[in-house]
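Heads up, the thing below is written out as structure tokens.
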Amino acid sequence: MVKKYGMVLAATVMLASAAHAEEREGCRLCGMYIDQYQGTSAIVTSKDGRVEKTCGGADMLRLVADAGGVESFASVLVHDWLSGKEISATGATYVIGSDLVPDMIPNIIAFADQDGAKSQLGGAAAERLHKRGGRLHGYGQG
């Protein structure tokens, strides 16, 4: 009897989880849920108005490169790590290769400007973002 109810409960939980998962938007490239990575997610809008979101900078760069470059899109936006606001991907400053992994490796963290990125690289944040290999880059820099 207990075994029967345990199986029914497990099946109910699995069905509820599957139904909830269908409601969540996932990154087309890696499958990670966008809502879990709001600090690093990107929004890419094609010239025909189609909007696609990625979980982070690495997948955004792959999507843009596969399409032939940022010129292939009406807009490419990332989220500023400090404010959470949407900013132009081409105008952002990125910290790449730090030991902080907000979504995936390679870890690419966008900032609205170089001053904002540098503010995170100073003091205690230096250990998280820069000390162990993180470097500043503008869009399109190797």
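What the table shows:
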| quantity | calculated |
| --- | --- |
| Out of 48, 59, sole residue that is assigned to a loop (DSSP other than H, G, I, E, B), at pLDDT 90 or above and out of contact with any Gly (no Cβ under 8 Å at 6 or more places or on another chain) | 48 |
| Top-ranked residue of region 67-89 - restricted to ones that are among the small types (Gly, Ala, Ser) and out of contact with any Ser or Thr (no Cβ under 6 Å at 6 or more places or on another chain), ranked as surrounded by the most Cβ atoms within 10 Å (Cβ to Cβ) | 89 |
| Residue list for region 36-45, filter: surrounded by fewer than 17 Cβ atoms within 10 Å (Cβ to Cβ) and in a strand (DSSP E or B) | 45 |
| Qualifying residues in region 107-132 (those that are loosely packed, with under 12 Cβ neighbours inside 10 Å and part of a loop (DSSP other than H, G, I, E, B)) - the one modelled with the highest pLDDT | 122 |
| Contacts under 6 angstrom Cβ, first residue in region 28-46 being at negative phi and of a type outside the set (Ser, Thr, Tyr), partner part of a loop (DSSP other than H, G, I, E, B) and loosely packed, with under 13 Cβ neighbours inside 10 Å, 6 or more apart | 34/25 |
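The values are calculated or read from the model by the stated rules, or taken from the named source; none is laboratory data. Here the structure is a predicted model, which is why all the values come from computation and not from measurement. Neighbour counts run over all protein chains shown; Cβ positions are idealised from the backbone, glycine included.
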